[in-house]
Amino acid sequence: MSKETSVILKILVVSGSLGKYFHLQEFTDALLSLGVECKLVNELDYLGGFPSKKINKWFTDNGIKKLLRDFKPDAVFIDRQGEFGVKTIDSKIPLFVLLRGHYWSEVEWAKRTLHKDVITKMVVYLRKKKAEKCFEKATAIIPICKYIENVVKEKYPNQNTDIFFEGINSSRWFPIKPMELKHPCVGLLQDANWWGKTKEMLTLKKILKEMQNTHFYWVGEGPYTKRVLDELKEFKNFHWLGHLEYPDKIRKYLSAIDVYALVTGMDTAPLTLKEAQLMEKPVVASDVGGISEIMINGKTGFLIKEGDHKEWIKKLTILLEDKSKSEQMGKEGKKFVEENFNWEKIAENFLQIMKKYI
């Protein structure tokens, strides 16, 4: 769908978190450039708090219905399965649910490791009910990779699905004066939000022990930060940098590292992997979830099976010692991301998805 042939539509884009608002603004801008009338809102501005741990806010008027009446969208795009999606369904407006992660695995891990008290369990249950309604009644579920689409098809075999690869603005990712790090170094940029994903970081114990002359830097935080640090703090070549301001300080960090590593037990299409490739860094990542869909094994980096610390050491050593190979992989990575994940291409794809269902 080109700018000349695009049908004038009204799409309400709803961001479920402040962290993703930045990226959905880029998506909204791309839709606007294609002649679509768009409005981007932050879901948190329209929620009274239900369901949350603050019971006194459960019955606050949230203003979602008024927004839907006033804007009159042809479709609503959400990236969090909750109250906004439920109200959209109740208002008989087509709903497109962006699914970034393995929702069901995350819920199960959270139950096992985090949600213990009665109030938290009730909140989780109520949120789950709302999410299920969104998944069941949405016009379409649009996962961000083929791997998650297959999971959705198992859960909801009769639901409409299409892949929505998230875009990225390559112009924001360019080399700048790097932060000061010790070299050679490997950079990790990942949060510790659920144990199914984070547990693989413990593989680093064997890697750190055998690569004592290489420094490993971790940027990220979450509920499991302490659990990771308790296991890795004994190694002098492991450094935790905590949270860095996005995107400026992240850009300085990526400018500084020699190799980007994604050591994870589950990921779908992590934005950090695209960002690292745009910064022309060779990448090494766990071969799980949808990671193989946003890099090319052997061309932009290497994929490693879970728990295979020997292969991690082998591939990291290759990239740290062979500068020519590292530079070539970095250039190929940038080219791959620019060609496949630019926002105009993603926005056009989304409009094609909409045409199929409304």
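The values are calculated or read from the model by the stated rules, or taken from the named source; none is laboratory data. From a predicted model like this one, the values you see are computed outputs, not experimental measurements. Note that each Cβ is placed from the backbone with ideal geometry, even for glycine, and that neighbours are counted across all protein chains shown. Surface areas here come from the heavy atoms of the whole protein model, side chains and all, with no ligands, DNA or RNA. Shrake-Rupley method; radii C 1.70, N 1.55, O 1.52, S 1.80 Å.
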Meets criteria (acidic (Asp, Glu) and either farther than 30 Å from residue 83 by Cα or in contact with a Cys (Cβ under 9 Å, 6 or more places away or on another chain) (or both)) for residue 149: no
Check whether at least one residue in the range 210-217 is farther than 24 Å from residue 280 by Cβ, open to solvent by 50 Å² or more (accessible area, probe 1.4 Å) and charged (D, E, K, R), and report yes or no. yes
Sort out which residues of the range 116-161 are open to solvent by 60 Å² or more (accessible area, probe 1.4 Å), under 21 Å from the mean Cα position of the chain (by Cα) and among the polar types (S, T, N, Q), and write them in order of number. 150
In the set 269, 276, which member is in contact (Cβ under 8 Å) with a residue 40 or more places away in the chain, under 27 Å from residue 328 (Cβ atoms), open to solvent by less than 20 Å² (accessible area, probe 1.4 Å) and not in a loop (DSSP other than H, G, I, E, B)? 276
I'm trying to understand the selection: among the residues of the range 217-238, which are in contact with a strand residue (DSSP E or B) (Cβ under 6 Å, 6 or more places away or on another chain) and in contact (Cβ under 8 Å) with a residue 40 or more places away in the chain? 217
Any residue in the range 96-112 that's among the β-branched types (Val, Ile, Thr): show its pairings with residues that are part of a helix (DSSP H, G or I) at Cβ separation under 6 Å, as long as the two are six or more apart or on different chains. 97/134
Identify all residues within the range 17-39 that are open to solvent by 10 Å² or more (accessible area, probe 1.4 Å) and within 21 Å of residue 134 (Cβ to Cβ); write none if there are none. 17, 18, 19, 20, 21, 23, 38, 39
Regarding the range 172-193, can at least one residue be identified that is more than 30 Å from residue 230 (Cα to Cα), touching a residue at least 40 places away in the same chain (Cβ under 8 Å) and crowded, with 18+ Cβ neighbours inside 10 Å? yes
With respect to the numbered conditions (1) open to solvent by less than 70 Å² (accessible area, probe 1.4 Å); (2) within 18 Å of the chain's Cα centre (by Cα); (3) closer than 28 Å to residue 174 by Cβ, which one is the sole condition not fulfilled by residue 246? (1)
